[in-house]
1. Taking the conditions exactly as written (over 20 Å from Leu258 (Cα atoms) and among the aromatic types (Phe, Trp, Tyr)), does Phe187 satisfy them or not?
2. Please enumerate the residues belonging to region 64-78 that are of a type outside the set (A, V, I, L, M) and surrounded by fewer than 22 Cβ atoms within 10 Å (Cβ to Cβ).
3. Please list, ordered by first then second residue, the pairs with beta carbon atoms under 7 Å, 6 or more apart or interchain, first in region 32-60 and under 15 Å from Ser79 (Cα atoms), second assigned to a helix (DSSP H, G or I) and among the small types (Gly, Ala, Ser).
4. Which of the residues spanning region 253-287 are at pLDDT 90 or above and in contact with a Ser or Thr (Cβ under 6 Å, 6 or more places away or on another chain)?
5. Considering only region 167-190, state which residues are part of a helix (DSSP H, G or I), within 23 Å of the chain's Cα centre (by Cα) and surrounded by fewer than 22 Cβ atoms within 10 Å (Cβ to Cβ).
6. Among Gly203, Gly283, which is touching a helix residue (DSSP H, G or I) at 6+ places or on another chain (Cβ under 9 Å), surrounded by fewer than 16 Cβ atoms within 10 Å (Cβ to Cβ), within 30 Å of Gly68 (Cβ to Cβ) and of a type in the set (Gly, Ala, Ser)?
7. Can you name every residue in region 190-213 that is closer than 19 Å to Ala267 by Cα and of a type in the set (A, V, I, L, M, F, W, C)?
8. Let me spell it out: the conditions are (1) part of a loop (DSSP other than H, G, I, E, B); (2) crowded, with 21+ Cβ neighbours inside 10 Å; (3) of a type outside the set (A, V, I, L, M, F, W, C), and Asn237 meets all of them except one. Which number is the exception?
Amino acid sequence: MRYSDFKIVETKLDEAPDDGTRGGQEPNRSRGLEAGPPYPPEQYDAVKALQTKLEELGYSVGNTGIDGKYGPRTSRAVSAYKNDFNIQDSDRGRSISNQEITAMQSAQKKNNPSPTGNEGGGGSFNYQNAVPVDDFEVDSRNLDGRESRAATIRYNNPGGMYPASWQRRFGGTEGGTIGGGHSIAMFPDRESGGAALFALLNGSLYVNKDVASALRTWTGNNNASSYINWMARNGINTEETVGNYLANQDAAIGLATLMARWETGHAYPMSAQEWGQAYRRSGVGRA
């Protein structure tokens, strides 16, 4: 979002993006299991048991295997299972109740279980087609020989993110104030800012939302339709979940590259190699 038009809705300054708990409260176990992040260690055994049963029934949980983390891959497996057994799936497999887990124990394997999209280690869609082809190369000609003064470039912040304490692990500082009186975080380099962008998208505020819903949250629903339509025109499936994009490096970079381009007003000056380093540094895609 451009700062002249939009306001970012972000987590509070003392909240990390990957912390889904509030006020130190324990997860509500009476509802069964829910997708993370976070991935509570006390639920690892229950999630492993769920993943094991899903695999036995023919629903792959992906190349991360039985790891005890209810992430995007496990969500896809749960969704496929619910579809085959005519169980309501209002959140695309991102939760399963205790009653549904109990019923699963006596379920019999279908002759042709629905594919989860995890069979090749990827997501529930074609990642190659999901990655937009951006033919707007970053070079001086894009700016008619002028140096860009975009805030996202000056502050090494491709997402135009507000300052937050969790950004310190990427070297983030308070930064400054730009147009409209908005605060913006400063990062030591663009790779660090890119890593912070991936980490924020992987947080509980965004990761389990479809891209369109995530962008509405990101912009505070201020001119979000233009942002969503622009992303769709440039190859992003806005009905797909953010977590599914983040699960694959190329798809995640495709999403982040377009977000940075929208925020900046032109192609963001980061190479594919720098985006790849940012993705790996963020720790996204390991769950």
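The values are calculated or read from the model by the stated rules, or taken from the named source; none is laboratory data. The structure displayed is predicted, hence computed values, not measured ones. No Cβ is skipped: glycine too gets one built from the backbone with ideal geometry, and neighbour counts run over all protein chains shown.
1. no
2. The answer is Thr64, Gly65, Asp67, Gly68.
3. Matching pairs, first to second residue: Leu33/Ala46; Ala35/Ser75; Leu54/Ala77; Tyr59/Ala77; Tyr59/Ala80; Ser60/Ala77.
4. Once the filter is applied, which keeps residues that are at pLDDT 90 or above and in contact with a Ser or Thr (Cβ under 6 Å, 6 or more places away or on another chain), region 253-287 yields only Glu263.
5. Residues satisfying the conditions are Arg168, Arg169.
6. Sole residue among the options that is touching a helix residue (DSSP H, G or I) at 6+ places or on another chain (Cβ under 9 Å), surrounded by fewer than 16 Cβ atoms within 10 Å (Cβ to Cβ), within 30 Å of Gly68 (Cβ to Cβ) and of a type in the set (Gly, Ala, Ser): Gly283.
7. Once the filter is applied, which keeps residues that are closer than 19 Å to Ala267 by Cα and of a type in the set (A, V, I, L, M, F, W, C), region 190-213 yields Ala195, Ala196, Leu197, Phe198.
8. That leaves (2) as the condition not met.
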